[in-house]
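Working notes, structure below.
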Amino acid sequence: MQVQQNPPFSHPKYMSQKSIQILPILDAGFSPFHCLSSILSQPLLLPLPIPSVSFFVLLIPIGCHSTGDETRPSGGRVISVKLGNYTRRISIDGSSDAIKEAIKSAFGIRSKRAFWLEDEDQIVRSLDRDMPLGIYSLRLDEGVTIKLYHYDESSHITVPTEEKAFYTEEDLRDFLNRRGWSCLEELNDFRNIDNLDDLHHDALYHGVA
């Protein structure tokens, strides 16, 4: 439709309506919805007359603003999970295992390290599709960290060599097998320990073949 000398919308009656904006659209196949949010932020009234220019009228409810997310509607049930300053949106429409795997993938948790979600009231929530929507904090299991030492028989000196953190029984078992040890012995206790629950945080241990 070509712009006329006196188009009906040039009348002051229509120009005074805040809900009507006339947006210029070039004839060369330009889609009127291309970069819509950008166009809405800078409405332009056409100077008249302008040849070879078409126009369309967009009715915009007064008080409505573009958010920039119109082209990406989020469907289903979605929660926000944060770890420090990092926040990801997670869908909870799947099973508990699917939700758990989505969280692990989103935050790069590649081990079998335990984790859980706490809401803003510090309530731990189970992972299921019926959990309340909102913002959750991701908590990671700190595990048990021990210090391994080497005993220098010549000088009778105990020398710490490394720190090691264990999160599961499987972690401990794999570590002992790789070192060729059957268990760990705690310094000054002389107990042989081969399970995670008996390890003491920050205690000194050495391997027993």
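Values quoted throughout were computed directly from the atomic coordinates according to the rules given, and no laboratory measurement underlies them. Since the model is a prediction, treat every value here as computed from it, not as a measurement. FYI the Cβ positions are ideal-geometry reconstructions off the backbone, even for glycines, and counts take in every protein chain you see.
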For this session: Apply 1/(1 + (r/R0)^6) to the Cβ-Cβ distance of S126 and V159, taking R0 = 45 Å, and write down the FRET efficiency to the nearest 0.05.
Result: 0.45
For this session: With label points built 7 Å along Cα→Cβ from the Cα atoms of S80 and L133, find their separation and express it in nm.
Result: 1.3
Exercise. For the range 72-136, what Kirkwood radius comes out of the mean inverse Cα-Cα distance, in Å?
Worked result: 12.3
Seminar exercise, completed: Simple SL model, points at 7 angstrom along Cα→Cβ for T87 and K104; separation in nm is 2.6
Exercise. Mind checking the log10 I(q)/I(0) for the range 82-209 at q = 0.12, 0.20 Å⁻¹? Debye, one equal scatterer per Cα, no solvent, two decimals.
Worked result: -0.61, -1.06
